[in-house]
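Okay, structure first, notes after.
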Amino acid sequence: MRREFSAGGVVVRRLRGRWAIAAIRPGGKPEGVWALPKGLIGPGEKAEATALREVSEETGVEARPVEKLGDVRYVYTWAGERIFKVVSFFLFQYVRGRLGDIPAEHAHEVAEAKWLPLDEAPQLLAYRGEREMASKALDRLGSAG
């Protein structure tokens, strides 16, 4: 079975007194399908660097690393081939930038970007593993909120 390794980010910031996370609606997905920014780890690239790059490319914001949240593992089928995938997720603190200000060369990848309330993200994100990462971020920040 082929293996794929990706990395993504849970970018948090305070908005109107609440923690929020940067979520995207991937290109081609229907309204309401919210996901975390993520992508394949490039040759020689570290997972955290990939996650930072993907956050910038898919959301338009800059963030700084806080800590690794964990890995999501699953199997999917592409063109008849089963692929084992591991996605490493990192917690990031928002630094600057406007959400949705996506570089032109990546605009086709993202239909929409939005700040979701972190306490609602475990219900709003479309994928189970990403909901778990949002829950972990909420646990980590709960005492700081």
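The values are calculated or read from the model by the stated rules, or taken from the named source; none is laboratory data. Just so we're clear, the structure is a prediction, and the values are computed from it rather than from any experiment. Ideal geometry is used to build each Cβ from the backbone, glycine not excepted, and the neighbour counts take in all protein chains shown. Quick note on the areas: whole protein, heavy atoms, side chains included, nothing else; ligands and nucleic acids left out. Shrake-Rupley method; radii C 1.70, N 1.55, O 1.52, S 1.80 Å.
Some notes on this structure:
- Condition met for D119 (surrounded by 15 or more Cβ atoms within 10 Å (Cβ to Cβ) and of a type in the set (D, E)): yes
- Consider the range 66-78 and keep the residues that are in contact (Cβ under 8 Å) with a residue 24 or more places away in the chain and under 13 Å from the mean Cα position of the chain (by Cα). The one that is farthest from V95 (Cα to Cα) is V72.
- Subset of the range 118-134 (residues that are touching a residue at least 12 places away in the same chain (Cβ under 8 Å) and either acidic (D, E) or in contact with a helix residue (DSSP H, G or I) (Cβ under 8 Å, 6 or more places away or on another chain) (or both)): L118, D119, A121, P122, L125, E130, E132, A134
- In the range 37-50 there is no residue that is open to solvent by less than 60 Å² (accessible area, probe 1.4 Å), basic (K, R), over 22 Å from R140 (Cα atoms) and part of a strand (DSSP E or B).
- Any hit, the range 36-50, residues being closer than 17 Å to A20 by Cα and at pLDDT 95 or above: yes
- Among the residues making up the range 55-114, none is in a helix (DSSP H, G or I) and more than 24 Å from G32 (Cα to Cα).
- Positions within the range 79-98 being in contact with a strand residue (DSSP E or B) (Cβ under 9 Å, 6 or more places away or on another chain), open to solvent by 30 Å² or more (accessible area, probe 1.4 Å) and not basic (K, R), in sequence order: E81, F84, Q93, Y94, V95, G97
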